[in-house]
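S.K.: First the structure, which I've put down as structure tokens, then a few questions once you've had a look.
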Amino acid sequence: MSIIENALNKLSAKSTPAAEAVPPSPIAEPSNLVEQAAAKAKAVAAPTSPAPAMPHPAADDQISRQVHVDLAKLRARGLLSSDDERSQVAEEYRLIKRPILANAFGPNPVRKGNMVMVTSSLPGEGKTFSTINLAISIAMEMDRTVLLVDADVAKPRLPEYLGFHAEHGLLDILRQGTQDLSNAILRTNIDKLAILPAGRTYARATELLASDAMHRLIDDLANRYPDRLVLFDSPPLLATSESSVLATHMGQIVMVVEADKTPQAALRDAMARIEGACDVVGLVLNKTTGRHSGGYYYYGNYGYGGYAKQA
């Protein structure tokens with residue numbers, strides 16, 4: 001019998017049930033080339049189950065840190081939207097941001113000039129509203145990025161305005177003593193704008209903001225990206241002690257003052273709390289009617305009093 005006939009007979013035998021299957025010897029091999037070819041063909045033709053799809057850790061991690069900001073809702077609340085470049089609000093904040101950017105990135109930048117805190121004397125003066133508008137306006141710059149930090153750790157308002165929920169944030173990083181921001185920073189659909197949430201509440205938040213961990217984190221944020229401005233939405237100065245401590249880490253402070261409402265005594269007390277903490281302090285007069293005067297420049301409903309060195 002020829003070699004080919006032997007091979008065909010053996011292939012035919014495989015289709016008839018055997019009385020008892022005898023396991024092959026571990027060292028058994030096909031006895032000739034035709035058997036080898038037949039074995040390989042059968043292995044290729046045999047159906048195989050597809051391997052289960054494995055999740056992509058990097059992709060899942062990125063999706064979990066993505067925030068979609070509803071631009072239409074921002075406009076409905078009177079806030080600046082990144083796709084609303086020619087509105088009155090956009091023009092107002094273009095004028096307000098220019099000295100801030102000059103202090104941070106100009107020919108003679110101030111120390112830690114890219115670390116900017118926005119605060120007020122009392123609650124309700126519009127400091128979160130102003131912080132968000134300023135952040136979005138700076139994100140419109142061609143060569144700047146913005147990290148918006150929710151430092152109002154007692155009563156964070158950024159989630160309400162921007163529509164996100166995040167348990168992990170600034171206070172958690174400080175409690176863990178780590179500078180790993182990868183699991184805390186949220187990307188947004190606004191190009192060049194990211195958010196660091198406040199994190200879970202903590203009774204000794206003031207001590208955390210004054211800790212060595214906060215100093216290390218501030219240095220890292222200030223130096224990690226040379227084109228980035230870090231904007232802190234701070235608590236009101238007269239409402240909590242956290243903002244006074246936070247001011248010591250800043251290169252610039254923006255004080256929001258509500259026109260015709262903020263008492264002069266409250267503003268003086270608030271300024272006294274940050275005296276010596278930061279050299280550069282600016283005033284934004286919010287909710288103006290345009291009839292005010294006395295050293296301020298007014299653009300619609302917002303005024304910018306200019307940056308000045310504290311005495």
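S.K.: Quick check on this structure: which one of Gly199, Gly177 is buried (at least 20 other Cβ atoms within 10 Å of the Cβ) and on the phi > 0 side of the Ramachandran plot? Steps first, please.
M.R.: Numbers: Gly177 fails: buried (at least 20 other Cβ atoms within 10 Å of the Cβ).
Answer to the selection: Gly199.
S.K.: Can you pull out every residue in region 194-220 that is among the β-branched types (Val, Ile, Thr) and free of Cβ contacts under 8 Å to residues at least 60 places away in the same chain?
M.R.: Once the filter is applied, which keeps residues that are among the β-branched types (Val, Ile, Thr) and free of Cβ contacts under 8 Å to residues at least 60 places away in the same chain, region 194-220 yields Thr201, Thr206.
S.K.: Could you list all residues from region 164-177 that are without any contact (Cβ under 8 Å) to a residue 12 or more places away in the chain and part of a loop (DSSP other than H, G, I, E, B)?
M.R.: Residue satisfying the conditions is His165 alone.
S.K.: Sticking with this structure for a sec: Select from region 131-163 the residues that are farther than 22 Å from Arg224 by Cα and assigned to a loop (DSSP other than H, G, I, E, B) and write down the one among them that is nearest to the chain's Cα centre (by Cα).
M.R.: Gly163
S.K.: Within region 82-115, take every residue that is within 23 Å of the chain's Cα centre (by Cα) and modelled with pLDDT under 90 and give me the one that is surrounded by the fewest Cβ atoms within 10 Å (Cβ to Cβ).
M.R.: The residue in question is Asp83.
S.K.: Taking region 100-130 as the search range and keeping residues that are of a type in the set (A, V, I, L, M, F, W, C) and in a loop (DSSP other than H, G, I, E, B), which one is nearest to Gln252 (Cα to Cα)?
M.R.: Ranking the candidates gives Val110 first.
S.K.: Select from region 245-273 the residues that are under 24 Å from the mean Cα position of the chain (by Cα) and without any contact (Cβ under 8 Å) to a residue 60 or more places away in the chain and write down the one among them that is farthest from Pro109 (Cα to Cα).
M.R.: Residue satisfying both the conditions and the ranking: Val245.
S.K.: Something else: Which of the residues spanning region 222-242 are of a type in the set (A, V, I, L, M, F, W, C) and more than 21 Å from Arg157 (Cβ to Cβ)?
M.R.: Ala222
S.K.: Hey, does region 288-308 have a residue that's small (Gly, Ala, Ser), modelled with pLDDT of 55 or more and either more than 19 Å from Glu92 (Cβ to Cβ) or under 27 Å from the mean Cα position of the chain (by Cα) (or both)? It would help to see each step written out before you state the result.
M.R.: So in region 288-308, the residues small (Gly, Ala, Ser) come out as 290, 293-295, 300, 303, 305-306, 308.
Cutting the leftovers down to modelled with pLDDT of 55 or more gives us 290.
When the remaining residues are screened for being either more than 19 Å from Glu92 (Cβ to Cβ) or under 27 Å from the mean Cα position of the chain (by Cα) (or both), the result is none.
No, there is no match, as no residue in region 288-308 is small (Gly, Ala, Ser), modelled with pLDDT of 55 or more and either more than 19 Å from Glu92 (Cβ to Cβ) or under 27 Å from the mean Cα position of the chain (by Cα) (or both).
S.K.: Give the residue that is farthest from Phe129 (Cα to Cα), with candidates limited to residues of region 211-238 that are crowded, with 19+ Cβ neighbours inside 10 Å and more than 17 Å from the chain's Cα centre (by Cα).
M.R.: That would be Met214.
S.K.: Right, here's the next one. Could you list all residues from region 63-76 that are at pLDDT below 85 and not aliphatic (A, V, I, L, M)?
M.R.: Ser64, Arg65, Gln66 - these are the residues of region 63-76 that are at pLDDT below 85 and not aliphatic (A, V, I, L, M).
The values are calculated or read from the model by the stated rules, or taken from the named source; none is laboratory data. A quick note: this is a predicted structure, and the numbers were derived from the prediction, not measured. Here Cβ is always computed from backbone atoms with ideal geometry, including for glycine, and neighbour counts include all displayed protein chains.
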